[in-house]
Amino acid sequence: LTLGVLYNRFCRIQENVTTEASLLSSLTRNLLTLFQDEPRWATDACQMIANQLRIMLSRTRGLELLSIMKADTYSNILALVDDYHYFHGCDDSFNSAQESTMGNIRADLTHIMEVRALRLSDEASSLPPTHFLLLTSLSTVSSIAFVTASLAVVDDLDNP
């Protein structure tokens, strides 16, 4: 039962990580498409994506939560996209492809934030300590019962 619960948790985490990585790839592609004529904006966006990847690969869940509270990468990307839209789109110079890309970026950011929340939630969930106390108690009782039952079938010469 314990292994089943832990394996299901592991599978959910793997699924969420895969989904988040896929969405991050799509987000990067859309950002590069949007900022294809603006290298400074593209560099800033790619640096934010690289920071998020570094956090995902090398930081603990606690440090990731702290980084979300200090400066959430996905919120910063959304702010960057909004600033770009404000500076370049207010004069109606955006074409329909750019508007579509902006919509895709916003949708990806919404979905990736939900997937990240699920991943962090699954990483935080664990079995309660009483579960391990119960397992330890049952293992001890089983071991004592086996030794006690074995003593009854040993003869005087210590042969079973």
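The values are calculated or read from the model by the stated rules, or taken from the named source; none is laboratory data. Note that the coordinates shown come from a computational prediction; the quantities given were computed from them, not determined experimentally. Using ideal geometry, Cβ is built from the backbone for each residue, glycine included, and neighbour counts are taken over all protein chains shown. Just the protein is used for accessible areas: all its heavy atoms, side chains included, with ligands, DNA and RNA removed. Shrake-Rupley method; radii C 1.70, N 1.55, O 1.52, S 1.80 Å.
A few comments on the model shown:
- Projected label points at S25 and L1, each 7 Å from Cα along the beta carbon direction, are separated by 4.0 nanometres.
- When only the Cβ of Lys, Arg, Asp and Glu is charged (+1, +1, -1, -1), the dipole of the chain relative to its Cα centre reaches about 180 debye.
- Computed over protein heavy atoms with a 1.4 Å probe, the carbon and sulfur contribution to the accessible area of the chain reaches 61%.
- Derived scalar couplings ³J(HN,Hα) [the stretch 101-107; Karplus, 6.51 cos²θ - 1.76 cosθ + 1.60; whole Hz; x for Gly, Pro]: 5, 4, x, 5, 5, 5, 5
- Gyration tensor over alpha-carbon atoms, the chain, equivalent ellipsoid semi-axes in Å: 57, 13, 12
- Computed from the C-beta positions of D83 and T136, the FRET efficiency with R₀ = 35 Å rounds to 0.05.
- Probe 1.4 Å, accessible area per residue of the chain, Å²: 65
- Segment I144-D72, extension gain: residue separation times 0.36 nm, minus the distance between their alpha carbons: 20.6 nm
- Label positions at R106 and L65, each projected 7 Å from the Cα along the C-beta direction, are separated by 3.1 nm.
- Selection from L133, I144, L78 lying farthest towards where the dipole of the chain points positive, charges on Cβ: I144
- The stretch 34-80 - Rg over Rh from alpha carbon coordinates, Kirkwood radius: 1.05
- Residues in the stretch 52-61 carry Karplus couplings, in order, of 5, 4, 4, 5, 5, 8, 10, 10, 7, 4 Hz; the curve used is 6.51 cos²θ - 1.76 cosθ + 1.60 with θ = phi - 60°, and Gly or Pro positions show x.
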